[in-house]
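Asker: Mind having a look at this structure? Questions to follow.
The values are calculated or read from the model by the stated rules, or taken from the named source; none is laboratory data. Please read these numbers as outputs of a predicted model, since none were measured by experiment. Don't worry about glycine lacking a Cβ; one is built from the backbone with ideal geometry, like all the others, and counts go over all protein chains shown. With ligands, DNA and RNA removed, areas are computed over all heavy atoms of the protein, side chains included. Shrake-Rupley method; radii C 1.70, N 1.55, O 1.52, S 1.80 Å.
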Amino acid sequence: MHKTKGLGRLAQLVCLVMAVFCAFSLAAPVPALADVESVKGKTYRITTDTTFAPFEYRDSNGDLVGIDMDLIRAIAEEEGFNVQIESLGFNAAMVATESGNSDMTIAGASITDERKQTYDFSDPYFDSGVLMAVPESSDIAGYQDLKGKKVVVKTGTEGETFAKSIQDQYGFDIVSVDQTSTMVQMLQAGQADAMFDDYPIIAYGIAQGNGMKSVTQKEAGNSYGAVVAKGKNQDLLQAFNEGLAKLKADGRYDQIMEKYLGDNATKAEQTSFFGLLQQSAPALLTGVKNTLLVTVVAFAGALVLGILFGLMKISGSKILRAIASFYVWLFRGTPLLIWAFFFYFALPQVAGVKLSVFAVGALALALNAGSYITEIVRGAIQSVDPGQTEAARCLGCSSGLTMRAIVFPQAAKIATPSLINQLIIMVKDSSILLAIGFGELLYQAQQIYAANLRVSEVLFIVAMFYLVTISLLTMLANWATRRFSENG
Amino acid sequence: MANTTPTKKTNPQTSTAAAAPEAAAAEKPIIQVVDLHKSFGDNQVLDGINLDVRKGEVITIIGPSGSGKSTLLRCLNALEQPTSGQVVFDGLNLMAPDVDIDAVRCRIGMVFQHFNLFPHMSVLENITFAPMHNLGLTQQEAEDRARALLEDVGLAEKADAKPSSLSGGQKQRVAIARALAMRPEVLLFDEATSALDPEMVKDVLDIMRRLADEGDTMIVVTHEMGFAREVSDRVIFTEGGHIDCQGTPEELFENPPTERLREFLSKVL
């Protein structure tokens, strides 16, 4: 199936960081005896991919559906446990399970020996295989026509492995991208000539009318299994296997497969642009709400950090100045994404601290923006005319009173435009948090186009949402600034 | 007399305008400057200054740019830290580590070339701020004092204006009122008219002249030779970081005792 190689590069980096810390902190896990009965009544956190139709995707109502979702829900019902499903993206979902942030991942994960080092797999629930797709108008009729052509594959998937294995024989170029929807877009735009992906994905896309066709037979491939962290959650794994066997025995398994892969498979409705806008608005508005919420909370935190470290930067103490400079150096010199990954995946293992995805997002964003605000605060204070301080000190004011009553109010006025700028940057930077599955605006857009494959239109709509949001926010900030300076 | 020794004997008694209040307080200097040195990096700005200032005395410091006159003035309230030497105000060594410099500065007013009014406060707030916070006056007391001072400088109607709406001359008159609101024992003027348009200069000089007539102790760094000549009890001419010569206005302006002063006066008069 797809994603045989396991984790993407970023996630590998996170794992490396974690491995270093874990080497110190973790003892070998002790395998527990499985007790299927013990799962009854419990609620488990299940993580999954965001964009892997028909295994998991969101329908037009924004509900998570797909083969994996129907399977896990049916099994949970059969075995008497509850599930709380979160779609994080494939790599994030796998790492979450490994790190103990979730109990099980079901995301069309191929069963491979490499992954068995880290995870315990359930019994296979789907036999996959790689299939090639080309645009409907293409002349390509088989691998032999690929000479000199450009083939697009998804990073870390079985499709990529297979394409590489026949690359020399047929003489084509390979481009690796992150998402199925990107591959389809490249084919539609003529930037690539053929794509390799798991056959159910290709079959689903063609059934949805994505303008592709398949011209070859599928290659024999891996099977998919659900995973738990090695040695953990054995009861849950056992219950999954038992439930799966029951579904296969009584025909419900076949019903699910028929529902998504059969000739009468559920189709996403093809609506007009305004229909699409109407359809996606509720999810996008939820995204706007989450984006604004995390931005505002993080901005408040960043202001506190920025003022604190900004003051330290201009203090007389060498040590305080060094601490502040270190903070700025560290967080201005590293990508936001690394900290989001670190706090979300590594912190639970290193320090045993589990934070919600919102808390992680706000924390990472605040620390990142705080480093910029530190410099804004420092610059603003230093740009207040030194004559102001001299005048106040000559009137007998202490340095504290001078700072508080004379320098700060003037520095605040100087800093305000830069701070509003920073706030707006943060609105856009918060989209990086989609990588840990935070449901902000761009994440919602990805969910939508992963299901309906209308990437360009959805991106256009989401860009409008960003523009409107940021325009309103700017107006609000300017209004608040005017009010503030009138009253101050 | 091209040396740095203060010429105590020759000066205050000879001046006429402020002779009476001065004679009473003449025994003990309110400010004593002893062998003051100040350098910025390699640049020696003050090179051994000695100076006594008596209560009620009006001293003007003149001299070419870079001769150290502003730096000297700024050392008198410890706005600059001297490299060596002492400034003693009313028996308090300002360079001592345990001196309460904020308390000392409450007793020494300063007026700057560029006014340095607080732009985020009204004219009235500019004047009441320090008396309320540093002298413990109530808002009512501070405002009464401020309004009276604004009346004195002819700006009573500007109490609620923001400094940005004032002309340069008006700003400087507010700045003087702000300094006076602390009822300081000494007033320092650092080129208070240098940044003003010519027609504004007179308003400010008139106020300074009135303060001098009222017996305030003033040390004035200025390029206004007319003012120095007319108002000072003593004129100090600085050159190359030391006091080149000093004396009454008559002594210095009528018959300059040094070649350097003659040269300087020939350029500015």
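Asker: How many residues are of a type in the set (Ser, Thr, Tyr), open to solvent by less than 20 Å² (accessible area, probe 1.4 Å) and out of contact with any Ser or Thr (no Cβ under 7 Å at 6 or more places or on another chain) if we restrict to the range A:313-368?
Answerer: Count: 1.
Asker: Looking at A:Gln388, A:Gln382, which one is open to solvent by less than 50 Å² (accessible area, probe 1.4 Å), farther than 30 Å from A:Asn290 by Cα and of a type in the set (S, T, N, Q)?
Answerer: On the way: A:Gln382 fails: open to solvent by less than 50 Å² (accessible area, probe 1.4 Å).
Result of the check over A:Gln388, A:Gln382: A:Gln388.
Asker: If you don't mind, there's one more thing I want to ask. Return a yes/no flag: does the range B:71-82 have any residue that is in a strand (DSSP E or B) and facing chain A (nearest Cβ under 8 Å).
Answerer: no
Asker: Okay, next question. Report yes if B:Ala148 is out of contact with any strand residue (DSSP E or B) (no Cβ under 9 Å at 6 or more places or on another chain), modelled with pLDDT of 90 or more and part of a loop (DSSP other than H, G, I, E, B), otherwise no.
Answerer: The answer is no for B:Ala148.
Asker: Given the conditions (1) touching a strand residue (DSSP E or B) at 6+ places or on another chain (Cβ under 6 Å); (2) open to solvent by less than 20 Å² (accessible area, probe 1.4 Å); (3) within 23 Å of B:Leu46 (Cβ to Cβ), and given that B:Pro249 satisfies all but one, which numbered condition is not satisfied?
Answerer: B:Pro249 satisfies all of (1) touching a strand residue (DSSP E or B) at 6+ places or on another chain (Cβ under 6 Å); (2) open to solvent by less than 20 Å² (accessible area, probe 1.4 Å); (3) within 23 Å of B:Leu46 (Cβ to Cβ) except (3).
Asker: Moving on to the next point. Take B:Asn126 and decide whether it is closer than 22 Å to B:Asp206 by Cβ and within 14 Å of chain A (Cβ to nearest Cβ).
Answerer: yes
Asker: When the residues of the range B:96-112 are filtered to those that are charged (D, E, K, R) and facing another protein chain (nearest Cβ under 7 Å), which remaining residue is least open to solvent (accessible area, probe 1.4 Å)?
Answerer: Selected residue: B:Arg105.
Asker: Which one of these is modelled with pLDDT of 95 or more, surrounded by fewer than 22 Cβ atoms within 10 Å (Cβ to Cβ) and over 28 Å from the mean Cα position of the chain (by Cα): A:Arg404, A:Arg393?
Answerer: It is A:Arg393.
Asker: Is there a residue being over 27 Å from A:Ile461 (Cα atoms), of a type in the set (Gly, Ala, Ser) and touching a helix residue (DSSP H, G or I) at 6+ places or on another chain (Cβ under 9 Å) anywhere in the range A:290-300?
Answerer: Yes, that holds for at least one residue.
Asker: Then there's this: Please determine whether any residue of the range B:130-147 is surrounded by 22 or more Cβ atoms within 10 Å (Cβ to Cβ), within 8 Å of chain A (Cβ to nearest Cβ) and touching a residue at least 40 places away in the same chain (Cβ under 8 Å).
Answerer: Just the residues of the range B:130-147 that are surrounded by 22 or more Cβ atoms within 10 Å (Cβ to Cβ), to begin with: B:130-131, B:142, B:146.
Going one step further and asking which of them are within 8 Å of chain A (Cβ to nearest Cβ), we end up with B:130.
Then keep just the ones that are touching a residue at least 40 places away in the same chain (Cβ under 8 Å); that gives B:130.
Within the range B:130-147, one or more residues are surrounded by 22 or more Cβ atoms within 10 Å (Cβ to Cβ), within 8 Å of chain A (Cβ to nearest Cβ) and touching a residue at least 40 places away in the same chain (Cβ under 8 Å).
Asker: For A:Val177, are the conditions met, namely being of a type outside the set (Ser, Thr, Tyr) and either within 23 Å of A:Arg58 (Cα to Cα) or touching a Leu at 6+ places or on another chain (Cβ under 9 Å) (or both)?
Answerer: yes
Asker: Any chance you could count how many residues in the range A:121-154 are under 30 Å from A:Thr97 (Cβ atoms), open to solvent by less than 50 Å² (accessible area, probe 1.4 Å) and not in a strand (DSSP E or B)?
Answerer: The total comes to 4.
Asker: Within the range A:390-417, take every residue that is in contact with a Ser or Thr (Cβ under 6 Å, 6 or more places away or on another chain) and touching a residue at least 24 places away in the same chain (Cβ under 8 Å) and give me the one that is farthest from the other protein chains (Cβ to nearest Cβ).
Answerer: Top of the filtered list is A:Thr416.
Asker: Mind checking which residues of the range A:57-89 are open to solvent by 10 Å² or more (accessible area, probe 1.4 Å) and under 17 Å from A:Phe126 (Cβ atoms)?
Answerer: Correct list: A:Tyr57, A:Val65, A:Asp70, A:Arg73, A:Ala74.
Asker: Inside the range A:50-94, can you point out the residues that are under 25 Å from A:Pro282 (Cβ atoms) and assigned to a strand (DSSP E or B)?
Answerer: Result: A:Phe52, A:Glu56, A:Tyr57, A:Arg58, A:Leu64, A:Val65, A:Val83, A:Gln84, A:Ile85, A:Glu86, A:Ser87.
Asker: Continuing with the same structure: With the structure loaded, tell me whether A:Ile420 is more than 9 Å from chain B (Cβ to nearest Cβ), outside any loop (DSSP other than H, G, I, E, B) and either in contact with a helix residue (DSSP H, G or I) (Cβ under 6 Å, 6 or more places away or on another chain) or open to solvent by 60 Å² or more (accessible area, probe 1.4 Å) (or both) or whether it fails that test.
Answerer: Spelling it out, A:Ile420 is indeed more than 9 Å from chain B (Cβ to nearest Cβ), outside any loop (DSSP other than H, G, I, E, B) and either in contact with a helix residue (DSSP H, G or I) (Cβ under 6 Å, 6 or more places away or on another chain) or open to solvent by 60 Å² or more (accessible area, probe 1.4 Å) (or both).
Asker: Might you let me know whether the range B:82-94 holds any residue that is of a type outside the set (Gly, Ala, Ser), under 30 Å from B:Pro29 (Cβ atoms) and touching a Pro at 6+ places or on another chain (Cβ under 6 Å)? Talk me through it step by step, then tell me what you get.
Answerer: From the range B:82-94, those of a type outside the set (Gly, Ala, Ser) are B:82-83, B:86-90, B:92-94; that's our starting set.
Now narrow it down to the ones that are under 30 Å from B:Pro29 (Cβ atoms): B:82-83, B:86-90, B:92-94.
With touching a Pro at 6+ places or on another chain (Cβ under 6 Å) added as a condition, the list becomes none.
Looking through the range B:82-94, none of the residues is of a type outside the set (Gly, Ala, Ser), under 30 Å from B:Pro29 (Cβ atoms) and touching a Pro at 6+ places or on another chain (Cβ under 6 Å).
Asker: Related question: Mind listing whichever residues of the range B:164-183 are open to solvent by less than 30 Å² (accessible area, probe 1.4 Å), within 14 Å of another protein chain (Cβ to nearest Cβ) and part of a loop (DSSP other than H, G, I, E, B)?
Answerer: Those that are open to solvent by less than 30 Å² (accessible area, probe 1.4 Å), within 14 Å of another protein chain (Cβ to nearest Cβ) and part of a loop (DSSP other than H, G, I, E, B): B:Ala181, B:Met182.
Asker: From (1) crowded, with 20+ Cβ neighbours inside 10 Å; (2) closer than 16 Å to B:Ser65 by Cβ, pick out the condition that doesn't hold for B:Leu188.
Answerer: Among (1) crowded, with 20+ Cβ neighbours inside 10 Å; (2) closer than 16 Å to B:Ser65 by Cβ, the lone unmet condition for B:Leu188 is (2).
Asker: For the range A:113-120, check the following and say yes or no: at least one residue is surrounded by 17 or more Cβ atoms within 10 Å (Cβ to Cβ) and either among the hydrophobic types (A, V, I, L, M, F, W, C) or in a loop (DSSP other than H, G, I, E, B) (or both). Reasoning before the result, please.
Answerer: First pass over the range A:113-120, keeping only residues surrounded by 17 or more Cβ atoms within 10 Å (Cβ to Cβ): A:115, A:119-120.
Then drop every residue that is not either among the hydrophobic types (A, V, I, L, M, F, W, C) or in a loop (DSSP other than H, G, I, E, B) (or both), which leaves none.
No; the residues of the range A:113-120 include none that is surrounded by 17 or more Cβ atoms within 10 Å (Cβ to Cβ) and either among the hydrophobic types (A, V, I, L, M, F, W, C) or in a loop (DSSP other than H, G, I, E, B) (or both).
Asker: If you don't mind, another one. Here are the criteria: (1) modelled with pLDDT of 95 or more; (2) within 14 Å of chain B (Cβ to nearest Cβ). Tell me which single one A:Leu365 does not satisfy.
Answerer: (2)
Asker: Could you check how many residues of the range A:441-488 are within 14 Å of chain B (Cβ to nearest Cβ) and either buried (at least 22 other Cβ atoms within 10 Å of the Cβ) or within 18 Å of A:Val294 (Cα to Cα) (or both)?
Answerer: The total comes to 0.
Asker: Among the listed residues A:Ala239, A:Ala203, A:Ala220, which satisfies the condition of being within 22 Å of A:Ile111 (Cα to Cα), crowded, with 22+ Cβ neighbours inside 10 Å and of a type outside the set (D, E, K, R)?
Answerer: A:Ala239
Asker: Next up: Filter the range A:380-389 down to the residues that are touching a residue at least 12 places away in the same chain (Cβ under 8 Å) and either more than 13 Å from chain B (Cβ to nearest Cβ) or in a helix (DSSP H, G or I) (or both) and list them by number.
Answerer: Passing the criteria: A:Ala380, A:Ile381, A:Gln382, A:Ser383, A:Gln388, A:Thr389.
Asker: A further question on this structure: Specify which of the listed residues (A:Glu78, A:Glu86, A:Glu98) is charged (D, E, K, R) and farther than 27 Å from A:Ala359 by Cβ.
Answerer: On the way: A:Glu86 fails: farther than 27 Å from A:Ala359 by Cβ; A:Glu98 fails: farther than 27 Å from A:Ala359 by Cβ.
Residue meeting the stated conditions: A:Glu78.
Asker: If you check B:Gly109, B:Gly56, which single one turns out to be more than 30 Å from B:Ser164 (Cβ to Cβ), touching a Pro at 6+ places or on another chain (Cβ under 8 Å) and not in a helix (DSSP H, G or I)? Explain how you work it out, then say what you get.
Answerer: On the way: B:Gly109 fails: more than 30 Å from B:Ser164 (Cβ to Cβ).
Matching residue, one of B:Gly109, B:Gly56: B:Gly56.
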